[in-house]
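Engineer: First, the structure itself, so that you have it in front of you.
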Amino acid sequence: MTIRGAVQGVGFRPFIYRLAMELGLCGWVINSSAGVWIEIEGERARLEEFLLRVEREKPAISFIQSLESSYADPVGYTEFEIRKSDGSEAKSALVLPDIATCAECAAEIFDPANRRFGYPFTNCTNCGPRYTIIESLPYDRPRTTMREFTMCAECAREYGDPANRRFHAQPNACPKCGPQLELWTMAGEVTARREAALEAAAEAIGAGKIVGVKGLGGFHLMCDARSEAAVMELRRRKHREEKPFALMFPSMEAVREECEISPLEERLLRSPESPIVLLMRRGSAAKLAAAVAPGNPMLGAMLPYTPLHHLLMRRLGFAVVATSGNLSDEPICIDEREALERLRGIADLLLVHDRPILRHVDDSIVRVMAGREMVMRRARGFAPLPVMVEHELPALLGVGAQQKNAVALAVGRQVFLSQHIGDLETAESGAAFERVIASLESLYESRPETIACDLHPNYLATEYAQRLSTHPVGVQHHYAHVLACMAENDLKPPVLGVAWDGSGYGPDGTVWGGEFLKIDECGYTRAARLRCFRLPGSERAVREPRRCGLSLLHEALGEQALGNEALPAVEAFPAGERRIVTAMLRQGLNSPWTSSMGRLFDAVASLIGVRQFARHEGQAAMELEWLAARDTSDESYDFELTECPTLAAKNAANPSTGSGQAMGHQAVRELDWAPMVRAIVAEHGSGVTPERIARRFHNSLAEMIACVAVNCGLPVALSGGCFQNRLLTELTIARLEREGIRVYWHQRVPPNDGGIALGQVLGAARAVSHICQKKADMGHQQ
Ligand SMILES: [Zn+2]
Ligand SMILES: [Zn+2]
Ligand SMILES: [Zn+2]
C-alpha cells in the first residue's frame, strides 16, 4: 500500500503497527518521500479488514489524500516491523491528484454559523483541487490558477497558522475572497450569481432541463436521472445512443436504494479518489429512468466530491446523470467560454465559476473484480500518480494507442501516467493529447530522449511520435499490454502474457487480439494465438457483430451455412447484402484476417441472436457477460490447440489478399474455436438458452487459457480490454489457480488501451538497453 497525505509525523506508523498486530499480520511499514509504504501479509479476509480499518481508524489528525493498494506474491514474513527510512531516496516532488472534499469541509458548508456556510469552493490542506490547478512545481499559490484571488485577512491568517487545517492550503478561499458561481444562458448572459445561481441551476434540473456544470476537472452535463424525457433528450443531443450514463447520488443511502454495495465498493465511493464505481443494480425498487443505462444490470455511481456538488445534490435530493460535458468521444470541456461553443445545442444553461481549470481531468471508473479494485479509467483522484518500477529508466515518453488514449512519462524509477485523454479521432482530442504531453513534460522538467509508440502507422499518436523523433521506438500493442500488467504487479520475466482485446497492429500484417506472448528478458515470442478469421468490411465488422458471426460460420461450417436463414447471424442480413458479404469472405476482399478475441465475442453474440449491431464499443461482449452471469453451468465446449500455422497455406491458395504473408515464418500454436462454434450453433438450434451458451463460452475461454498456460508452465499475466469482463477474469483466475499456476491481473492501471503507454515505456526501455540490443542483433527479438 502507498498512502499519501498528512500521514507523517502524526503517529501513523505506530497505528499501522498496532493494527497489524491486532489482526495477526506480518510485514513492514516505512516512511519515504513519496508517502508511507506498507507491505502486509496474511490471510485474505484479514488483509481486506486491514484495508478497510486503516481508513476508518487512522489517527484523528492524520489525513489520507490517496491510498493505492495492490496484491503481491507472498514473501513469508514472520513479524511486523517499523523500518527506518534510510533517507537516501531522492526527494522528488509529486503532484498530488485532486482530492474529494473532506468531512470537516463538508460539515462547514452545511453549518449556518460557519463563515464558509454554503460556499462551493471550500477546501483545506486535506482536500480540494491540485492537479487541475497547478501550472508548475513547487506547488505554491502563485503557480496555480488561484493566484488571481488575493486571500482576505482571515484566510491569510489560516494559511499562515501551523495549527490550522488550512496552513499552506494553496487553494484556500472563502466567500469574501475566493471564486464565485454564475448562471449563464447559452448566449453567455449572466442571469444569476452566487447562491441564487446554484438555486436556479437546481430548479432547472428539477424541471427537466440539461445543465452544464463546471466542476473540478471540467464540465458535467447534468439532468434528472428519474426523468425519462430529460435523459432521452440528453442522449439525443449528445449523440449517445445506448452507452450507459454515470450518475451522481445525493448520499450513500440513495446509492443503496438502487445498487448492491460491498464494503470494498463502499470504501471506494467514499475514498479521497471518489471514482465512479460500477455496481450491480437491485433491479426491483428502481426509481431511475430506463434510458440511464438501457438493458444494463450495472450502474456507474459516484458521490459528490466537491463542495459545489455537495451543495447542489443536497438541494436536489435525487440522483442526476453526471456525464462528461462534451460530444461523444471528445475530451471534456473545461472553460466556460469554450463551453458556450462546444455545449451549444446540448446544455440549456451553464452553472460556471471563475476558478480556471488548467487541465481537463475526467471522473475515474473503478470496478471490483476478484475481490480487488480494478481501475478502468484512470483520471481524477489517480492521475498523475506514478507507478514505481524496479530499475532506473532513461527519460522516455510513451504516447499510447488510438482509443482511450493516455500517455506516460518515465522519470527515474517513476512512470507518471497521464489522465485519460480519450479516443484520438477528432481535432479536439488531438489538441488535448499534445497539451497533456507538454504539461507533463514541463511539470517534471523532463525532455524525453526516446519516444515509444504503437506499431500502427495510422494511429494519431504514432504519427505524432514520428513527427517529433527521428527514431521513435515501436512497441507491439499486445506486448505493451502485458508489460503494463507486469510492471504494476512487479513481475519479472519469464511470463506468459495473455493479451486479449479488440484489435492491435500485428507485425505480420494481420489484426491481432487473441494473443499468448512469452515474455523473456528482452522481448517476446508469440506462443499461441486464436485461430484467425476474416473481418468482412474491416472497420464495419467492428460496428456489426453480424459480420463476424457470418465470418465464423464461413470458417467453421463452410459457405453453405450462410444460406441457412434459421441462423440469427444469417437472418440479420437482407439477402442482397448477405450475397455481397459472402462474396467478400470467399474472395477475401476488404476482409483482413484477425485473431481478435473481442471480435470472437461479437461473433458469438451474433450467432445466438443477442446483438447484430453494436451501439458502442464492447457492447456485445458486455451483454454476453451479463447473460453468462445468470447461469451456473461449469461445462465448456471443445476446442483444439494445434501446432500448425494454417493461415500461410490459406494465403498461398488465395494470393490476392496478401494479408498474412509473414505468417508462415514461425510455428505459432493456434487455438481453434471451430468445434466450439459448431457446438454453439447446434445448441442454439436445439433451444439451449443464450444464458447457458454464453456461460459455456466463458468457461471455454478460461479452459483455453489454462490449456496454453499448462503447456508453457510460466506465471500468467492477463491484460487487454477483454479482462474488463469480470466473469471471464474471475473464471480464468480460479481455473489457473486450480492448476497451481500463478496469475496476475490489472489493479491500478487499466487493462484496456488506457494502460498501453506504461507498457510502451517499458518496452522501449528494454529495446534501448544495451544488453537487449545485443541479443536482438543475434536474432532473439521479434
Ligand atoms: Zn477539507
Ligand atoms: Zn477569504
Ligand atoms: Zn488493446
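Residue-wise test of (1) within 27 Å of V436 (Cα to Cα); (2) within 16 Å of ligand 1 (Cβ to nearest atom); (3) within 33 Å of the chain's Cα centre (by Cα).
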residue: Y119; (1), (2), (3): no, yes, yes
residue: T125; (1), (2), (3): yes, yes, yes
residue: P129; (1), (2), (3): yes, yes, yes
residue: S136; (1), (2), (3): yes, no, yes
residue: M146; (1), (2), (3): yes, yes, yes
residue: F149; (1), (2), (3): yes, no, no
residue: C152; (1), (2), (3): no, no, no
residue: A163; (1), (2), (3): no, yes, no
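Engineer: Just one of the numbered conditions (1) in contact with a Lys or Arg (Cβ under 7 Å, 6 or more places away or on another chain); (2) under 23 Å from S271 (Cα atoms); (3) more than 16 Å from ligand 1 (Cβ to nearest atom) is not true of L96; which one?
Structural biologist: For L96, the failing item is (3).
Engineer: Under 7 Å between Cβ atoms, which residue pairs at least 6 apart in sequence (or on different chains) link something in segment 686-707 that is free of Cβ contacts under 8 Å to residues at least 40 places away in the same chain with a partner that is surrounded by 18 or more Cβ atoms within 10 Å (Cβ to Cβ)?
Structural biologist: Matching pairs, first to second residue: A706/R735; A706/L736.
Engineer: Go through segment 442-463 and give me each residue that's crowded, with 17+ Cβ neighbours inside 10 Å and farther than 24 Å from Q476 by Cα.
Structural biologist: Once the filter is applied, which keeps residues that are crowded, with 17+ Cβ neighbours inside 10 Å and farther than 24 Å from Q476 by Cα, segment 442-463 yields L443, Y444, S446.
Engineer: Next up: Mind counting the residues in segment 105-159 that are more than 27 Å from V7 (Cβ to Cβ) and of a type in the set (K, R)?
Structural biologist: The qualifying residues number 2.
Engineer: Pull out all pairs, ordered by first then second residue, where Cβ-Cβ is under 7 Å, the residues are six or more apart or on different chains, the first lies in segment 613-632 and is more than 16 Å from R546 (Cβ to Cβ), and the second is part of a loop (DSSP other than H, G, I, E, B).
Structural biologist: These pairs meet every condition: H616/E242; H616/K243; E625/N725; W626/P297; L627/V610.
Engineer: Inside segment 198-251, counting only strands (runs of 3 or more DSSP E) that do not spill past its ends, which hold 3 or more residues that are under 23 Å from the mean Cα position of the chain (by Cα)?
Structural biologist: Correct list: 219-224, 246-248.
Engineer: Anything in segment 599-634 that is part of a loop (DSSP other than H, G, I, E, B) and closer than 27 Å to R235 by Cα? List them, or say none.
Structural biologist: G609, V610, R611, Q612, F613, A614, R615, H616, E617, G618
Engineer: Which strands (runs of 3 or more DSSP E) sit wholly inside segment 468-552 and have at least 1 residues that are within 16 Å of ligand 1 (Cβ to nearest atom)?
Structural biologist: Because the criterion is at least 1 residues that are within 16 Å of ligand 1 (Cβ to nearest atom), no strands (runs of 3 or more DSSP E) in segment 468-552 meet it.
Engineer: Separate question: Among the numbered conditions (1) within 16 Å of ligand 3 (Cβ to nearest atom); (2) on the phi > 0 side of the Ramachandran plot, tell me where V542 comes up short.
Structural biologist: If we test V542 against (1) within 16 Å of ligand 3 (Cβ to nearest atom); (2) on the phi > 0 side of the Ramachandran plot, just (2) comes out false.
Engineer: Looking for whichever is out of contact with any Asp or Glu (no Cβ under 6 Å at 6 or more places or on another chain) and either within 16 Å of ligand 3 (Cβ to nearest atom) or over 24 Å from S62 (Cα atoms) (or both) here; the options are K176, K209. Which one fits?
Structural biologist: The unique qualifying residue is K176.
Engineer: Next question. For segment 378-412, give me each residue that is within 16 Å of ligand 3 (Cβ to nearest atom) and buried (at least 24 other Cβ atoms within 10 Å of the Cβ).
Structural biologist: R378, G398, V399, G400, A401, N405, A406, V407, A408, listed by residue number.
Engineer: Out of (1) surrounded by fewer than 22 Cβ atoms within 10 Å (Cβ to Cβ); (2) modelled with pLDDT of 95 or more, what's the single condition that is false for N711?
Structural biologist: With (1) surrounded by fewer than 22 Cβ atoms within 10 Å (Cβ to Cβ); (2) modelled with pLDDT of 95 or more applied to N711, the lone miss is (2).
Engineer: Would you tally the residues in segment 266-288 being over 25 Å from V352 (Cα atoms), surrounded by 21 or more Cβ atoms within 10 Å (Cβ to Cβ) and touching a residue at least 40 places away in the same chain (Cβ under 8 Å)?
Structural biologist: Residues meeting the conditions: 5.
Engineer: If you don't mind, there's one more thing I want to ask. When both residues are 6+ apart or on different chains and their Cβ atoms are under 8 Å apart, which pairs have a first residue that lies in segment 335-360 and is more than 14 Å from L216 (Cβ to Cβ), and a second that is basic (K, R) and in a loop (DSSP other than H, G, I, E, B)?
Structural biologist: D348/K209; L349/K209
Engineer: Considering only segment 155-179, how many residues are touching a residue at least 24 places away in the same chain (Cβ under 8 Å), within 12 Å of ligand 2 (Cβ to nearest atom) and surrounded by 15 or more Cβ atoms within 10 Å (Cβ to Cβ)?
Structural biologist: Total meeting the criteria: 10.
Engineer: Which of the residues that make up segment 37-58 are closer than 21 Å to C124 by Cα and surrounded by 15 or more Cβ atoms within 10 Å (Cβ to Cβ)?
Structural biologist: Selection gives K58 alone.
Engineer: Which condition number does Q476 fail, the rest of (1) polar (S, T, N, Q); (2) crowded, with 24+ Cβ neighbours inside 10 Å; (3) at pLDDT below 95 being met?
Structural biologist: If we test Q476 against (1) polar (S, T, N, Q); (2) crowded, with 24+ Cβ neighbours inside 10 Å; (3) at pLDDT below 95, just (3) comes out false.
Engineer: Can you confirm whether segment 587-598 contains a residue that is in a loop (DSSP other than H, G, I, E, B), under 26 Å from the mean Cα position of the chain (by Cα) and not hydrophobic (A, V, I, L, M, F, W, C)?
Structural biologist: Yes, there is a match, as at least one residue in segment 587-598 is in a loop (DSSP other than H, G, I, E, B), under 26 Å from the mean Cα position of the chain (by Cα) and not hydrophobic (A, V, I, L, M, F, W, C).
Engineer: Separate question: Any chance segment 542-563 includes a residue that's touching a Cys at 6+ places or on another chain (Cβ under 8 Å) and not β-branched (V, I, T)?
Structural biologist: no
Engineer: How about segment 594-613: which of its residues are crowded, with 22+ Cβ neighbours inside 10 Å and either in contact with a strand residue (DSSP E or B) (Cβ under 6 Å, 6 or more places away or on another chain) or among the aliphatic types (A, V, I, L, M) (or both)?
Structural biologist: The answer is T594, S595, S596, M597, G598, L600, A603, V604, A605, L607, I608.
Engineer: Let me ask something else about it. Scanning segment 489-507 for residues that are under 15 Å from L758 (Cβ atoms) and surrounded by fewer than 24 Cβ atoms within 10 Å (Cβ to Cβ), which turns out farthest from ligand 3 (Cβ to nearest atom)?
Structural biologist: Only one residue tops the list, namely D490.
Engineer: Sort out which residues of segment 431-464 are among the small types (G, A, S) and either within 23 Å of the chain's Cα centre (by Cα) or within 16 Å of ligand 2 (Cβ to nearest atom) (or both), and write them in order of number.
Structural biologist: A431, A432, A438, S439, A452, A461
The values are calculated or read from the model by the stated rules, or taken from the named source; none is laboratory data. Owing to the predicted nature of the structure, the values given are computational and were not obtained by experimental measurement. Counting neighbours? That spans all protein chains shown, and the Cβs are built from the backbone with ideal geometry, glycine included.
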